[in-house]
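Chemist: Got a structure for you, questions after.
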Amino acid sequence: MEPKRIREGYLVKKGSMFNSWKAMWVVLLEDGIEFYKKKSDNSPKGMIPLKGSTLTSPCQDFGKRMFVFKVTTTKQQDHFFQAAFLEERDGWVRDIKKATKCIEGGQKFARKSTRRSIRLPETIDLGALYLSMKDTEKGVKELNLEKDKKIFNHCFTGNCVIDWLVSNKSVRNRQEGLVIASSLLNEGYLQPAGDLSKNAVDGTAENPFLDNPDAFYYFPDSGFFCEENSSDDDVILREEFRGIVIKQGCLLKQGHRRKNWKVRKFILREDPAYLHYYDPAGGEDPLGAIHLRGCVVTSVESNPDGKKSEEENLFEIITADEVHYFLQAATPKERIEWIKAIQVASRTGK
């Protein structure tokens, strides 16, 4: 019997011989990880055996790359993968860890485990805590804060984070909250904004997180930007970046000139409603932007050039200026999710 497919999707993989990063279609099997140049390929470019392997997440070997994890084989070969966003990385990491444990225990991989999990009281799931903090109703409130003639958008103060941890009963006291907040910072779930919080991170203090009303922080995918002559590296001044990120991930996009298809990382923002697309292998600046206000988005069943195609899950965005964009999702469910999210942004965003 062929190994069961556990998870599949686009990830950015670092080359084993060169330092280039390229988007690959990655398939997690019960006994290994296969990676393909594109989804429709019949044979993989390589296979990573999971037996005896170790996993490192988050992997901080590459300074400006977020959401990277590393798989090290028994032959001490390192394989680096980068996800498009935090939840995606954590999903891959959970399944790879579970598959590896199943191999060691001689068990079959199953989503619903009957194993009773014993958790120590002091053990906290940082990924789950991060998602709770981001909850729009019960989480940490994102604000526009002003300091030193600069306006920090979509961020919050250090003492607000500790207040939330204590009131949410995630910690017993503020000192314990400092330890947890520092862990969230070290793991990349929180980012420093402004000189005070950045200096604390770069310093030698035991806790790099500050329980301070003048120390600002933000979620890495929140749409944070700073105005008014800021020296921050994260400065984004253009109006189109002000919207809150509501969805992100990798899709195939057809080029307008050559009509070729390439994997792009997409970030959907609302108010104003924009869909930016990036080279998934790196680069902070987008390759392009689609203004979604008044657009029409629909599913399509064939390639726009009229040729019959084996590819599925296509959809089309027609902007108010009548520019056509053709995109392809990995699964029918993903296509529906993107269409619904874009429709909402096109109606509510300016």
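Chemist: Calculate the FRET efficiency for R65 and N186 from the Cβ-Cβ distance with a Förster distance of 22 Å, rounded to the nearest 0.05.
Modeler: Computed FRET efficiency for R65 and N186: 0.85.
Chemist: Follow-up. Can you give the FRET efficiency to the nearest 0.05 for V296 and E137, using r as the Cβ-Cβ distance and R₀ = 41 Å?
Modeler: My answer for the efficiency is 0.85.
Chemist: Quote the accessible area belonging to E334 in square angstrom, nearest 10, computed with a 1.4 Å probe and with ligands, DNA and RNA left uncounted.
Modeler: Around 50 Å² of this residue is reachable by solvent.
Chemist: I would also like to ask the following. For the chain, rounded, prolate or oblate, judged on the Cα gyration tensor with a ≥ b ≥ c (square roots of eigenvalues), a/c < 1.5 rounded, else prolate if a/b > b/c? The partial results should precede the final answer.
Modeler: On the way: a/c = 1.83, a/b = 1.11, b/c = 1.64.
It comes out oblate by the Cα gyration axes.
Chemist: I've got another one for you. Would you work out if the range 239-348 is rounded, prolate or oblate? Take a ≥ b ≥ c from the square roots of the eigenvalues of the alpha-carbon gyration tensor; rounded if a/c is under 1.5, else prolate when a/b is larger than b/c, oblate otherwise.
Modeler: Working: a/c = 1.58, a/b = 1.33, b/c = 1.19.
Taking the square roots of the gyration eigenvalues as a ≥ b ≥ c, the range 239-348 is prolate.
Chemist: Tell me, what is the FRET efficiency for E334 and A289 to the nearest 0.05, using R0 = 22 angstrom and their Cβ-Cβ distance as r?
Modeler: With R0 = 22 Å, the Cβ-Cβ based efficiency is 0.55.
Chemist: Using 32 Å as the Cα-Cα cut-off, could you pick out the over-long pairs in K98/K265; K22/K141; K70/K262; K75/K198?
Modeler: Over 32 Å Cα-Cα: K22/K141; K75/K198.
Chemist: If you don't mind, another one. Please compute the modelled spin-label separation between Q76 and M17, points set 7 Å along Cα→Cβ, answer in nm with one decimal.
Modeler: Spacing of the two 7 Å Cα→Cβ label points: 2.2 nm.
Chemist: Expressed in nm to one decimal, what extension gain is obtained for the pair D271 and A110 from 0.36 nm per residue of sequence separation less their Cα-Cα distance?
Modeler: 53.9 nm
Chemist: So what are the radius of gyration and Dmax for the Cα set of the range 122-198, in Å?
Modeler: Just the Cα atoms of the range 122-198 yield Rg and Dmax of 12.6, 41 Å.
Chemist: Pop a pseudo-label 7 angstrom from the Cα along the beta-carbon direction at both H324 and E30 and give the gap in nm to one decimal.
Modeler: In this crude label model, H324 to E30 measures out at 4.5 nm.
Chemist: Here's something else I'd like to know. Tell me which DSSP H helices of the chain clear both cut-offs, 27 Å or more of axial length from alpha-carbon atoms and a mean Kyte-Doolittle hydropathy of at least -1.0.
Modeler: Within the chain the helices that satisfy the rule are 86-105.
The values are calculated or read from the model by the stated rules, or taken from the named source; none is laboratory data. Just so it is clear, the model here is predicted, and its values are computed rather than measured. Glycine gets a Cβ as well: all are built from the backbone with ideal geometry, and neighbour counts include every protein chain shown. The protein model used for the area step is the full one, side chains on, heavy atoms only, and it has no ligands, DNA or RNA in it. Shrake-Rupley method; radii C 1.70, N 1.55, O 1.52, S 1.80 Å.
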